[in-house]
Amino acid sequence: MTDLDSPSPAETFDGASTVEIRTSASAALIPTIRAVASDLAARADFDLDAISDLRMAVDEACATLVDVAAPTSSLRCTFLVRPERIEVHAQVETKHADAVVSTDTFGWRVLQTLADEVSVLHRPGGDGAAPTVGIRLDKRSGDAPR
Amino acid sequence: MPEPRTDLDAARRRLLDTDFARPLPDTVVLTVRGEIDTLTAPAFTAAVTELADTPEPTLVVDLTGVRFLASSGLAVLINAAHRVETRGSRLRLVAVTRAVLRPLEITGTEQLFDLHADLASALAGGSD
């Protein structure tokens with residue numbers, strides 16, 4: 001998956017319901033996004049720990065991205081809700097093409113612990129498109145044995 | 001649209017509330033209510049640092065009213081626990097909500113603190 005802008009056809013047709021939120025890339029709006037994450041997980045019958053983990057993971061991802069977002073840009077967060085898991089794509093436009101999300105922080109380690117899968121996607125932009133950074137994470141509805 | 005600074009300040013005040021009390025001799029309690037995230041982490045850091053700087057031997061952070069704890073807030077608590085430990089003491093936490101207990105559990109940082117289910121037990125000392 002190289003495009004965070006739109007779900008691939010497979011995802012559109014496999015029964016995932018999609019919720020997309022776009023806000024100003026501001027820390028003041030992250031509480032709203034994590035409230036939506038929590039609500040979606042509760043409605044999808046996630047267990048209480050998994051709801052808490054998803055809420056924290058989404059918060060962490062969004063806070064990380066808001067940090068590198070270009071001024072006055074947007075934060076877009078897409079939730080793909082499946083029967084057993086929720087996939088989240090969060091993305092911002094960045095000030096510079098070489099803006100990076102640092103993955104050697106305590107916050108990133110916590111994010112890796114909270115989510116079942118997590119990855120970063122940098123796109124340098126060009127052809128009039130602004131550079132973007134995205135974080136994709138996956139959370140299952142209950143704790144599988146580790 | 002540049003964001004007026006006051007919006008962020010208003011959001012911070014709405015989200016987090018901190019209070020200090022000295023209910024017993026040699027004991028300081030920091031009571032925190034609200035959500036600890038990237039927005040409120042600076043205020044939380046200031047309050048916890050102030051607590052860790054006090055000379056009293058018994059330091060308690062009452063997180064009963066905390067509805068969200070992000071890694072930024074957890075890092076602040078971990079640093080404070082280490083500082084208190086260098087004085088030969090342990091930071092006492094009152095933690096009841098899943099929003100607080102789950103981050104401690106999943107990061108394996110519970111053992112850095114003396115955890116208590118209510119303030120009375122935290123004041124009495126020992127560990128639950």
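The values are calculated or read from the model by the stated rules, or taken from the named source; none is laboratory data. The structure displayed is predicted, hence computed values, not measured ones. Reconstructed Cβ throughout: ideal geometry from the backbone, glycine too, with neighbour counts over all protein chains shown. Heads up: the accessible areas ignore ligands, DNA and RNA and are worked out on the full protein's heavy atoms, side chains in. Shrake-Rupley method; radii C 1.70, N 1.55, O 1.52, S 1.80 Å.
Remarks
- P(r) of chain B over all Cα-Cα pairs, binned every 5 Å from zero, in whole percent: 2, 11, 22, 25, 20, 10, 5, 3, 1, 1, 0
- Phi angles across segment A:72-85 convert, under the Karplus curve 6.51 cos²θ - 1.76 cosθ + 1.60 with θ = phi - 60°, into 3J(HN,Hα) values of 6, 8, 9, 10, 10, 10, 10, 10, 9, 9, 10, x, 10, 7 Hz, Gly and Pro given as x.
- Heavy atoms of residue A:45 accessible to a 1.4 Å probe, total area in Å² rounded to 10: 130 Å²
- Per residue, segment A:22-104 exposes an accessible area of 39 Å² to a 1.4 Å probe, with every protein chain left in place.
- Once you reduce segment A:57-82 and segment B:27-66 to the center of their Cα atoms, the two points are 27 Å from each other.
- Largest GNM mean-square fluctuation among A:81, A:110, A:58, using chain A with Cα springs under 10 Å: A:110.
- Placing dummy labels 7 Å off each Cα toward the beta-carbon, the span from residue B:121 to residue A:119 is 4.4 nm.
- Calculated [θ] (222 nm, deg cm²/dmol) that DSSP helices of n ≥ 4 give over the protein assembly as shown, each run adding -39,500 (n - 2.57): -11500 deg cm²/dmol
- Calculated diffusion of chain A, Stokes-Einstein form, Kirkwood radius summed over Cα pairs, 25 °C and 0.890 mPa s, µm²/s: 160 µm²/s
- Note on chain B: with a GNM built from Cα contacts shorter than 10 Å, the maximum mean-square fluctuation among B:103, B:57, B:23 falls on B:23.
- Summed residue charge, Cβ within 14 Å of residue A:61's Cβ, Lys/Arg positive, Asp/Glu negative: -3
- Over all projection directions, the Cα-based convex hull of the protein assembly as shown averages an area of 15.9 nm².
- Radius, Kirkwood style, for segment B:5-51 when every pair of distinct Cα atoms is counted (Å): 11.4 Å
- Choice from A:43, A:55, A:85 with maximal GNM fluctuation in chain A (Cα, 10 Å cutoff): A:43
- Residue A:25 long-range amide H proximity, modeled H, under 5 Å: A:73, A:74, A:75
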